Amino acid sequence: MSLAGTVALIGLAAAATGVAVWAGANTSIAAPAAAVAVFAAGAMFVDAWLRARAAEPPAPPAPVEDDPIPFRLGFRSGRLGREDIIETLDRIERTGPDPLLPVRTPQEVAALTSLSRSEFRAYVRRRVDDLEERA
């Protein structure tokens, strides 16, 4: 329904309600006027309901930031990927068992990212195991 149609129905409902109230105990005038008011309000309700049904469904939620694929790709991305893994583990720990975990210094990050591949994987394994135990 157009805006003009909606405005006309609102006006009709208001006018019919006014006539029904003005008629008072005269049911020969009040009853038909009240019926027109109820019909106009019902028509607006049905129109709103049909518009809501025809509306597009809501968009799906945005993907979670801690997607496991980028985390997995971090192992293959060299130093920057390792920094992302360390930051992700720290963020998980701050939102879970240790909200007061201090921010790592650049020296700590450099020491962790310079570990050999097997040592870094062992470090990540220990952190994940520790997080699981404390969760």
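Where does each of I85, I92 land when they are ranked from fewest to most other beta-carbon atoms within 10 angstrom? Show your work: numbers first, answer last.
Numbers: I85 23, I92 17.
So the residues, fewest neighbours to most, are I92, I85.
Just subtract the alpha-carbon distance of E56 and I29 from 0.36 nm times their residue separation and send over the number in nm, one decimal.
Values: separation 27, 0.36 × 27 = 9.72 nm, distance 4.34 nm.
Separation in residues times 0.36 nm, less the Cα-Cα distance, equals 5.4 nm.
Suppose the chain between A4 and V46 were pulled fully straight at 0.36 nm per residue; how much longer would it get relative to their current alpha carbon spacing? Intermediate values should be presented prior to the final figure.
Working: separation 42, 0.36 × 42 = 15.12 nm, distance 1.63 nm.
Net length gain for the segment: 13.5 nm.
Which FRET efficiency, nearest 0.05, do T113 and R134 yield, Cβ-Cβ r, R0 22 Å? Spell out each step's value before the answer.
Numbers: r = 24 Å, r/R0 = 1.10.
After rounding to 0.05, the efficiency reads 0.35.
Which whole number in µm²/s is D for the chain by Stokes-Einstein, with the Kirkwood Rh taken over Cα pairs at 37 °C and 0.692 mPa s? All intermediate terms of the calculation are to be shown ahead of the outcome.
Numbers: Rh = 21.0 Å.
Rounded, D is 157 µm²/s.
Could you list log10 I(q)/I(0) for the range 3-54 at q = 0.30 Å⁻¹, which the Debye formula gives when each Cα is one point scatterer?
Results for the range 3-54 at q = 0.30 Å⁻¹ read -1.02.
Helix 78-95 against the longest principal axis of the chain: what's the angle in degrees, Cα atoms only, rounded to the nearest 10?
60
Rounded to the nearest 0.05, what FRET efficiency do Y123 and R76 have when you use their Cβ-Cβ distance and R0 = 22 Å?
Details: r = 16 Å, r/R0 = 0.75.
Between Y123 and R76 the formula returns 0.85.
Can you bin every Cα-Cα distance in the range 68-134 into 10 Å intervals starting at zero and give me the percent of pairs per bin, rounded to whole numbers?
21, 55, 24
Computed from the coordinates by the stated procedures, all read-outs in this text should not be read as laboratory data. Quick caveat, the model's predicted, so the values are computed rather than measured. We place every Cβ from the backbone using ideal geometry, glycine too, and count neighbours over all the protein chains shown.
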